[in-house]
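Trainee: Okay, handing you the structure first.
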Amino acid sequence: MSRKRAFDRDAVLDIALTEFWRHGYEATSIASLTAAMGIRPPSLYATFGDKRRLFEEVVERYQRDDFSARALAEEPTARAAIVRMLRQAAVEYTDPEHPPGCLIFSATVNVGPESADVCEAMRGIREAAKTAIAARVASDVAAGLLPEGTDAEALALFYAATIQGMSTQARDGATRRDLERIAELAMLAWPGAGGDAPDGRPGPTPG
């Protein structure tokens, strides 16, 4: 009979997620992972494979709670989805219960050539998010909810850059209110007369 695993797999996976989130993929070593997880290296390899496959599982777990994807799927318009995404980013990126910012944006900021495949995988996730935003905007243009000629790809690039910047600001110590102010200003770029603030109030009128 095989010996029963002596640890909670989900619990140690959550610990690994926090380690990668806090330190980044390359700076997180097997030694630091096993120390934080309270297991020995053979147990890590037997359970998760290697560091690369452990990180893949961490990312998959992290994406199960993707507030951006939920907003795009659940909100009635692209504008409402973006408002919700920005508002939620301000909350999530400054939540003291976990490291600041977003794992997908920060985990591969500093990696060497040997981790190029990991970096490319994260880039693919970010590109897919931009594509999803652009498709949602384009759908609203086709439905007549946005002006004809609205540049869906440019809007997707802009809001993806805004959310990525909010993550970086959070890691640099920005507060929730700091990020909410960024979100409010970002909505002024939405097609229309001045846009709306993320809480649904009219945004400031351009001078």
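Trainee: Which of the residues belonging to segment 70-103 are of a type in the set (Gly, Ala, Ser) and more than 14 Å from Tyr159 (Cβ to Cβ)?
Mentor: If the condition is that a residue be of a type in the set (Gly, Ala, Ser) and more than 14 Å from Tyr159 (Cβ to Cβ), then Ala73, Gly101 are the ones that fit.
Trainee: Just checking, how many residues over segment 138-161 are acidic (Asp, Glu) and not in a helix (DSSP H, G or I)?
Mentor: 2
Trainee: Would you be able to say whether some residue in segment 16-31 is more than 19 Å from Pro99 (Cβ to Cβ) and outside the structural domain of Asp117 (by TED's automatic domain parsing)?
Mentor: Yes, segment 16-31 contains at least one residue that is more than 19 Å from Pro99 (Cβ to Cβ) and outside the structural domain of Asp117 (by TED's automatic domain parsing).
Trainee: In addition: With segment 1-108 as the region, which helices (runs of 4 or more DSSP H) entirely inside it contain at least 1 residues that are over 24 Å from Cys119 (Cα atoms) and charged (D, E, K, R)?
Mentor: In segment 1-108, 9-23, 67-74, 78-92 are the helices (runs of 4 or more DSSP H) which contain 1 or more residues that are over 24 Å from Cys119 (Cα atoms) and charged (D, E, K, R).
Trainee: Does Val137 satisfy the criteria of being touching a residue at least 24 places away in the same chain (Cβ under 8 Å), of a type in the set (Val, Ile, Thr) and farther than 22 Å from Leu72 by Cα?
Mentor: Here the answer is no, as Val137 does not meet what is asked.
The values are calculated or read from the model by the stated rules, or taken from the named source; none is laboratory data. Model, not experiment: these values are computed from the prediction. Cβ atoms come from the backbone with ideal geometry, glycine included; neighbour counts cover every protein chain shown.
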